[in-house]
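Each remark here refers to the structure printed beneath this line.
The values are calculated or read from the model by the stated rules, or taken from the named source; none is laboratory data. Remember, it's a predicted structure, so these values are computed and weren't measured experimentally. Positions of Cβ are generated from backbone atoms using ideal geometry, with glycine treated the same way; all protein chains shown enter the neighbour counts. Side chains are part of the model used for accessible areas, which takes the heavy atoms of the whole protein and leaves out ligands, DNA and RNA. Shrake-Rupley method; radii C 1.70, N 1.55, O 1.52, S 1.80 Å.
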Amino acid sequence: MLETRQLCISLGGRNVVHEIDCAVAKGEVVGLIGPNGSGKSTLLKALAGLIPAASGGVRLHGEPLEKIAPRQRARTLGYLPQSAECHWPLTVERVVGLGRLPWGGGADEAADASWIERALITVDALHLRHRVITELSGGERARVLLARALAGDPALLLIDEPGAGLDPFHQLQLMELLAARAREGRAVLIVLHDLTLAARFCDRLLLVKEGRLLASGPPEIVLTEKLLAEAHGVRAFRSRHSNAPVIVPWEQIPSSN
């Protein structure tokens, strides 16, 4: 569905992503993991078409991303940035309705209303529909902005740390929702720091460090002691519960410098 070939990205004259080859297929939840400052958010923005490639490229359904008309691209790709800030005092319902703009945004009011309500129910935010978004908590805003992305029913969701402001209940709800979308034939690429959520819900992981792809594959291949030590400088506690992996960063590895 989406792939990069030797993708390089420069910001302010400095290379921040180096020769990344990756792909997201229909039916997958792919986790993008790595330490702070490793280029995860920058890579996600490039995949959404918000940052141009310095070299290499991004393809969506086999077509160069830059050659796809903006409206068609917006119908296929849903992008949710890391920040949950909102600067305009709009009602939640109106904010979620912005997700319908690629489909005409008002041309079919009944269809739009149905999609908005469905998205709000999905993220457990229907009771907020008439509230002003600037008056909500950070976690509530995060759920509303996810609903905005879902309202457009994109085939591929690109999501940057959506669980950062969510309580444990809604973190699990979010990951179960994304896994269900993948099972329905869509795809998700999500930036995560929670290794247990990454191991439990992601089909594949992309581990980046300093803008380079360090490892790619199923969670059990990527979340090894060696790779966690190399990428994050930590040792992890490992266990299983209900036949699912539990991976908790447990101690720092002292620097050899």
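Select from segment 53-76 the residues that are over 18 Å from the mean Cα position of the chain (by Cα), open to solvent by 40 Å² or more (accessible area, probe 1.4 Å) and without any contact (Cβ under 8 Å) to a residue 40 or more places away in the chain and list them in ascending order.
Listed by number, the residues that qualify are GLY62, GLU63, GLU66, LYS67, ALA69, PRO70, ARG71, GLN72.
Report whether or not ALA155 is open to solvent by 10 Å² or more (accessible area, probe 1.4 Å), touching a residue at least 60 places away in the same chain (Cβ under 8 Å) and among the small types (Gly, Ala, Ser). Steps first, please.
Numbers: open to solvent by 10 Å² or more (accessible area, probe 1.4 Å): yes; touching a residue at least 60 places away in the same chain (Cβ under 8 Å): yes; among the small types (Gly, Ala, Ser): yes.
Judged against the criteria, ALA155 is a match.
Give the residue that is farthest from PRO219 (Cα to Cα), with candidates limited to residues of segment 183-195 that are surrounded by fewer than 20 Cβ atoms within 10 Å (Cβ to Cβ) and in contact (Cβ under 8 Å) with a residue 40 or more places away in the chain. Walk me through how you get there before you give the answer.
Looking only at segment 183-195, we keep the residues that are surrounded by fewer than 20 Cβ atoms within 10 Å (Cβ to Cβ), and these are 183-185, 193-194.
Next, only the ones that are in contact (Cβ under 8 Å) with a residue 40 or more places away in the chain stay: 183, 185, 193.
On the way: ARG183: 18, GLY185: 21, HIS193: 13 Å.
Top of the filtered list is GLY185.
So how many residues does segment 196-228 have that are among the charged types (D, E, K, R), over 18 Å from VAL24 (Cα atoms) and touching a residue at least 60 places away in the same chain (Cβ under 8 Å)?
Of the residues in segment 196-228, 2 are among the charged types (D, E, K, R), over 18 Å from VAL24 (Cα atoms) and touching a residue at least 60 places away in the same chain (Cβ under 8 Å).
Which residues, counting only those in segment 224-257, are in a strand (DSSP E or B), over 20 Å from LEU207 (Cβ atoms) and open to solvent by 100 Å² or more (accessible area, probe 1.4 Å)?
Selection gives ARG240, HIS241.
Only residues that are touching a helix residue (DSSP H, G or I) at 6+ places or on another chain (Cβ under 9 Å) and of a type in the set (Gly, Ala, Ser): list them for segment 1-45, please.
GLY27, GLY31, GLY34, SER38
Which one is surrounded by the most Cβ atoms within 10 Å (Cβ to Cβ), of the residues in segment 118-152 that are outside any helix (DSSP H, G or I) and of a type in the set (Val, Ile, Thr)?
Step one: filter segment 118-152 for residues outside any helix (DSSP H, G or I), giving 123-125, 129-132, 136-137, 152.
Filter again for of a type in the set (Val, Ile, Thr), leaving 123, 132.
On the way: VAL123: 24, VAL132: 15.
Here the answer is VAL123.
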